[in-house]
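Engineer: Got a structure for you, questions after.
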């Protein structure tokens, strides 16, 4: 989680072309694949579906072949930011079912008490992706228009 946050703050996005982005993607892949170990004990339910969605996002962002979307970075930025959102939502849900230890904020990650937290995280995600798109557009315009 920390590598994704550092990449977002330091580089403005998670990119597979930077060292931080590669570390984030590698650790996210390992963590996501290891989550399938819970299927025998818990069965296939919502968290495993999110795990499959995360894998799909990781592969789509990493293995998109050529074209405008990849070269400009818009598609990758959106899907890698979405993987970070999924990670933060999972962490928030788990944290709030354990803290404070005597009387946790919620009983399960699907507890209605957590919904405002999830909505807030989603709004932060939308604003963050919008800001990333704005920065990418400015960067791409600067590259496309040569200086005299």
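The values are calculated or read from the model by the stated rules, or taken from the named source; none is laboratory data. Remember, it's a predicted structure, so these values are computed and weren't measured experimentally. So basically every Cβ, Gly included, is an ideal-geometry build from the backbone, and we count neighbours across all protein chains shown.
Engineer: Do the conditions hold for residue 126, that is, is it without any contact (Cβ under 8 Å) to a residue 40 or more places away in the chain, under 15 Å from the mean Cα position of the chain (by Cα), closer than 25 Å to residue 5 by Cβ and surrounded by 10 or more Cβ atoms within 10 Å (Cβ to Cβ)?
Structural biologist: yes
Engineer: Also, I was wondering about something else. Listed residues 91, 60, 56, 7; which is in contact (Cβ under 8 Å) with a residue 24 or more places away in the chain and within 23 Å of residue 122 (Cα to Cα)? Write out each step before concluding.
Structural biologist: On the way: 60 fails: in contact (Cβ under 8 Å) with a residue 24 or more places away in the chain; 56 fails: in contact (Cβ under 8 Å) with a residue 24 or more places away in the chain; 7 fails: in contact (Cβ under 8 Å) with a residue 24 or more places away in the chain.
Only one candidate qualifies: 91.
Engineer: Restricting attention to the range 64-96, and to residues there that are surrounded by 14 or more Cβ atoms within 10 Å (Cβ to Cβ) and not in a helix (DSSP H, G or I), which single residue is modelled with the lowest pLDDT?
Structural biologist: 64
Engineer: Can you list residue pairs whose Cβ atoms sit under 7 Å apart, with the first residue in the range 26-51 being closer than 28 Å to residue 7 by Cα and the second being surrounded by 15 or more Cβ atoms within 10 Å (Cβ to Cβ) and modelled with pLDDT under 85? Count only pairs 6 or more apart in sequence or on different chains.
Structural biologist: Within 7 Å, the pairs are 51/35.
Engineer: Here's a follow-up. Go through the range 32-63 and count every residue that is within 19 Å of residue 92 (Cβ to Cβ) and loosely packed, with under 10 Cβ neighbours inside 10 Å.
Structural biologist: Number satisfying all stated conditions: 1.
Engineer: Would you pick out the residues in the range 1-27 that are farther than 23 Å from residue 130 by Cα and within 16 Å of the chain's Cα centre (by Cα)?
Structural biologist: 23, 26, 27
Engineer: Next up: Within the range 98-106, is even one residue surrounded by 12 or more Cβ atoms within 10 Å (Cβ to Cβ), modelled with pLDDT of 90 or more and under 26 Å from residue 7 (Cα atoms)?
Structural biologist: No, there is no match, as no residue in the range 98-106 is surrounded by 12 or more Cβ atoms within 10 Å (Cβ to Cβ), modelled with pLDDT of 90 or more and under 26 Å from residue 7 (Cα atoms).
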